Amino acid sequence: MTELPTNTAADRVPLPQEAWYVGAASSRLTDAPVAIVIHGQAIVLFRDSEGRAHAMHDRCPHRGVALSLGTVSEGQIACAYHGWRFDGTGRCRHIPSLRPEQPVRTAPVRAYPTVERDFYVWVWTGKGEPNGQPLPIHGFDRYAWLQGATALACEAIMPIENNLDICHAAFTHPHMHPQWFRAQAAGFQPTRYELATDPGGLTVSAPGTLLRFDLPDRVTVGSSETFRLVLHHVPTTPGRCIQHWLLQREPTHEPAAPIWSDKEPEILAQDRHVLESAQRAYAYEGDAFEQSVEADATTLSARRSIRLASQGRMEEAFSGNRSICVLS
Ligand code: FES
Ligand SMILES: [Fe+2]
């Protein structure tokens, strides 16, 4: 049995800033710049002439126009207002209104460390240097995938908790989830599950269910042997986030680009419906109303680890022993 902490709401803090986040799916970044927001920071993504992805502050240092309104040519991004051009390091390379003999002297635009792997463009939003590389998606090159993204009007912590919430499916997912069908046939049954922590994250296992959380924002539902859904939850502006989803399909011998889908999976839309409702309660009433039960142990454990990571206490984030929980 797990003892519940008393002040659970105190652990509801924004996701850590010193981390790699998905900026965009690789297939969404082609010839044109792409505007994104992570942790309230406006960022423009673009590709240079070699196809390398870059991320920079989406604000021209001349008069503040979003660089994402501009165009990309010869590996540089040109502002849509007066045509100043910047390379992928953020350095200004050309100002059309200067005479040829006048040197370009402007402060660079902030460039964010950027890595492209597993068909995502990852952006490091921390102030310091990146702490390692983005976490690989296990077995990514051995399967075909379906990929998409949905904007959610709720804080990123909420879909993270939702995707680790082992007992919501019987209620939130009518006609969609096996737990709902089982509950219809036999009533809602208590489920025994195991919550195990390790230095990298936490794993929740129960008969027929496997959930994994990795900091800062990844939840993996299922395992590569069967069904697998990999979800990232990127904080954008206050009270909003983007859920990037990756659904495993058949095994492959050749790594291939995931197929992109603009259609929100119905099961994720069902989750979004309840989460956006809850966001309104937190936004208007604060979080002191929260009551928790033992079945919330997985979500509270993830919440606590996010709080510790946000405070720079990574070594404590997943400390603690294996624990067994029983829903009742
Ligand atoms: S505002 Fe960008 S070039 Fe003037
Ligand atoms: Fe759900």
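Here are a few things to note about the model shown:
- Overall form of the stretch 135-326 per C-alpha gyration tensor (a/c, 1.5; a/b vs b/c): rounded
- FRET efficiency estimate (nearest 0.05) - Cβ-Cβ, GLU316 to ASP48, R0 41 angstrom: 0.55
- Calculated mean residue ellipticity, 222 nm, the chain: -5000 deg cm²/dmol, from DSSP H runs (n ≥ 4) at -39500 (n - 2.57) each, averaged per residue and rounded to 500.
- Projecting the Cα atoms of VAL204, ALA80, LEU246 onto the dipole axis of the chain, where Lys and Arg carry +1 and Asp and Glu carry -1 at the beta carbon, places ALA80 farthest toward the positive end.
- For the stretch 174-184, 3J(HN,Hα) per residue [Karplus equation, 6.51 cos²θ - 1.76 cosθ + 1.60, θ = phi - 60°, Hz, x = Gly/Pro]: x, 6, 10, 10, x, 5, 5, 5, 5, 5, 5
- Relative to the longest principal axis of the Cα atoms of the chain, helix 266-285 runs at roughly 90 degrees.
- Cα gyration tensor shape for the stretch 28-75, rounded if a/c is under 1.5, else prolate or oblate: oblate
- Principal-axis tilt of helix 297-310 within the chain, Cα atoms, nearest 10 degrees: 30
Bear in mind these aren't lab numbers, they're just calculated from the coordinates by the rules spelled out. All figures in this text were calculated on a predicted structure; none of them were measured in a lab. Neighbour counts run over all protein chains shown; Cβ positions are idealised from the backbone, glycine included.
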